[in-house]
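Written out below as structure tokens is the structure these notes cover.
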Amino acid sequence: MELFNDEAWSKLTAAERSKYLRKWFDLIMAHKEELGQLMTLEQGKPLKEAIGEVSYGASFIEFYAEEAKRVYGDIIPATLPDRRLFVLKQPIGVVGAITPWNFPLAMITRKVAPALACGCTVVIKPSELTPLTALAAAELSIQAGIPPGAVNVVMGSAIDIGDALVASPKVRKITFTGSTNVGKKLMAGSAKTVKKVSLELGGNAPCIIFDDADLDVALKGTLATKFRNSGQTCVCANRVLVQEGIFDKFANAFSKAVESMKVGDGFGEGVVQGPLINDAAVNKVETFVQDAISKGAKVLTGGKKHSLGMTFYEPTVISDVKSEMLLSREEIFGPVAPILKFKTEEEAIHMANDTNAGLAAYVFTTSIQRSWRVAEALEYGLVGVNEGLISTEVAPFGGVKQSGLGREGSKYGMDDYLEVRIFQIFFRIYEKIKYICLGNMS
Ligand code: NAP
């Protein structure tokens, strides 16, 4: 099979690339039920959530099909009268995209769609735990007419593939979503060939509920951010910080709501909590919960493996959590909500920022002044105010501090796949040539 190389893809017009992307989007949407079923089978999330991820993942392809046509340059007034300065944006080159298992489709499309839109070809290395969704998406890209070689999927040893991608001088950009430790290794490895690197890494999201919050809004928002994908998302509330005046009321209502969540097979009727990804994930959650209990925390609901067995864990709420416990310090990545108490706004901000992570944070308050004040003081890339779900294709997604580099989604997501070049043109010389030519003709 002859592969379409990166130069051929980059030389298509933006309008042609846009049409391919639009077709790919249409095919994914036409197959959203099957893709959702595949995702539930290989990853475990409830079918409704899986189909929701297909639409969310596809939205990046639709958005970047449109954005492909808007890669504008600039003309800059030069410092000399007979010079002109042009800024041109060009595709960076071949992109290596390494993705995790928790969003098996969306983490791929969020990278591949802007890369293709900019004129880059991509080598995708999906998680070994969710290869089928990646392959199905790649197959649909071929059915959409995207030439073979523009979207590539490689399977195998993560370390070998990662090493090969970072070592290759042909690969000009690494985009990675996954754990902070692996991200740091890829960043260090990319230094050898001075590649551009984007990293979407782990979080430790605070969810702050003030006394003046609307309780129903806070409950709904906290449940949504904590328990989506059984707590296995990078933007999951990792610490629920509740002000002392509303603490008991919130903790009771929240535990009751969590207790009523139906756990089971993702295909089951009414199931909202699927299994965790594997035994290692369950062991990690158990270790964190035991650590908290041994240091004085109280289990309000859940707190152990689910009676269904396998990798099911009970949706859990734990109170009296302190900042030195593992539940507060590390990313839990499971269905456990630790609740911590605070007295003042300053204390809440201090507790929220007391971490190396800086991906997402949530604030619940009915005070407009407080919402601005606190949102601006939080050292996080994404802040939801009275809102538990904030990811969308039209807004830039990404972390500060050790949660990452670069942004995905929105017009800003294009920048990571483009090189900015300038041309300075000295044009007086052409006028001279024109004059000489005319002179010779007369
Ligand atoms: P992970 O273990 O870091 O794996 C992510 C990807 O990297 C997988 O494809 C994995 O392959 C690969 N990988 C592992 N070791 C590697 C190495 N030495 N060199 C190159 N590639 C390597 O993370 P995960 O457990 O799949 O995902 C959970 C993490 O992702 C959490 O920390 C979560 O917060 C983060 N996450 C962040 C975002 C965000 O946007 N910030 C979004 C989603 C998830 P194998 O699976 O085949 O080993």
- prompt: If you take the residues of region 68-106 that are open to solvent by 10 Å² or more (accessible area, probe 1.4 Å) and in a helix (DSSP H, G or I), which of them is farthest from the ligand (Cβ to nearest atom)?
  reply: Lys69
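Among Gly270, Gly203, which is more than 14 Å from the ligand (Cβ to nearest atom) and either crowded, with 22+ Cβ neighbours inside 10 Å or over 28 Å from Glu408 (Cα atoms) (or both)?
Exactly one of Gly270, Gly203 is more than 14 Å from the ligand (Cβ to nearest atom) and either crowded, with 22+ Cβ neighbours inside 10 Å or over 28 Å from Glu408 (Cα atoms) (or both), namely Gly270.
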- prompt: Where in region 281-350 are there strands (runs of 3 or more DSSP E), lying wholly inside it, with at least 2 residues that are assigned by TED's automatic domain parsing to the domain that holds Ala251 and free of Cβ contacts under 8 Å to residues at least 40 places away in the same chain?
  reply: 298-301
- request: Within region 209-264, count every residue that is more than 29 Å from the chain's Cα centre (by Cα) and within 16 Å of the ligand (Cβ to nearest atom).
  value: 0
query: What's the number of the condition Val153 fails, among (1) surrounded by 24 or more Cβ atoms within 10 Å (Cβ to Cβ); (2) without any contact (Cβ under 8 Å) to a residue 60 or more places away in the chain; (3) in contact with a strand residue (DSSP E or B) (Cβ under 6 Å, 6 or more places away or on another chain)?
result: (1)
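Does Glu379 meet the test of being without any contact (Cβ under 8 Å) to a residue 40 or more places away in the chain, assigned to a loop (DSSP other than H, G, I, E, B), open to solvent by 40 Å² or more (accessible area, probe 1.4 Å) and farther than 30 Å from Ala14 by Cα?
Here the answer is yes, as Glu379 does meet what is asked.
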- prompt: Out of all the residues in region 146-167, which are touching a Gly at 6+ places or on another chain (Cβ under 8 Å) and either polar (S, T, N, Q) or near the ligand (Cβ under 9 Å from one of its atoms) (or both)?
  reply: Gly162, Asp163, Leu165, Val166
query: How about region 157-172: which of its residues are within 22 Å of the chain's Cα centre (by Cα) and closer than 12 Å to Val194 by Cα?
result: Val166, Val171, Arg172
- prompt: Do the conditions hold for Ser127, that is, is it without any contact (Cβ under 8 Å) to a residue 24 or more places away in the chain and of a type in the set (Ser, Thr, Tyr)?
  reply: no
field: Answer from Gly162, Gly221, Gly149, Gly178 - the residue that is closer than 28 Å to Val54 by Cβ, out of contact with any Cys (no Cβ under 6 Å at 6 or more places or on another chain) and in the same structural domain as Ala360 (by TED's automatic domain parsing)
entry: Gly221
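Assess whether Glu419 counts as being in the same structural domain as Lys295 (by TED's automatic domain parsing) and either in a strand (DSSP E or B) or not hydrophobic (A, V, I, L, M, F, W, C) (or both).
No.
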- prompt: Restricting attention to region 77-114, which residues are over 29 Å from Glu16 (Cα atoms) and either touching a helix residue (DSSP H, G or I) at 6+ places or on another chain (Cβ under 9 Å) or at pLDDT 95 or above (or both)?
  reply: Pro81, Asp82, Arg83, Pro100, Trp101, Asn102
task: Being in contact with a strand residue (DSSP E or B) (Cβ under 7 Å, 6 or more places away or on another chain) and away from the ligand (no atom under 11 Å from the Cβ) is the filter; apply it to region 398-421 and report the residue that is nearest to Ser179 (Cα to Cα).
output: Asp416
query: For the subset of region 108-137 comprising residues that are assigned to a loop (DSSP other than H, G, I, E, B) and near the ligand (Cβ under 9 Å from one of its atoms), which member is nearest to Glu7 (Cα to Cα)?
result: Pro126
- prompt: Can you find even one residue in region 330-345 that is out of contact with any strand residue (DSSP E or B) (no Cβ under 9 Å at 6 or more places or on another chain) and of a type in the set (D, E, K, R)?
  reply: no
query: Going through region 387-405 one residue at a time, which ones are in a loop (DSSP other than H, G, I, E, B) and out of contact with any helix residue (DSSP H, G or I) (no Cβ under 8 Å at 6 or more places or on another chain)?
result: Ile390, Ala395, Gly398, Gly399, Val400
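The values are calculated or read from the model by the stated rules, or taken from the named source; none is laboratory data. For clarity, every value in this text was computed on a predicted model and none was experimentally measured. With ideal geometry, Cβ positions are generated from the backbone for all residues, glycine too; neighbour counts draw on all protein chains shown. These area figures cover heavy atoms from the full protein model, side chains too; ligands, DNA and RNA do not enter into them. Shrake-Rupley method; radii C 1.70, N 1.55, O 1.52, S 1.80 Å.
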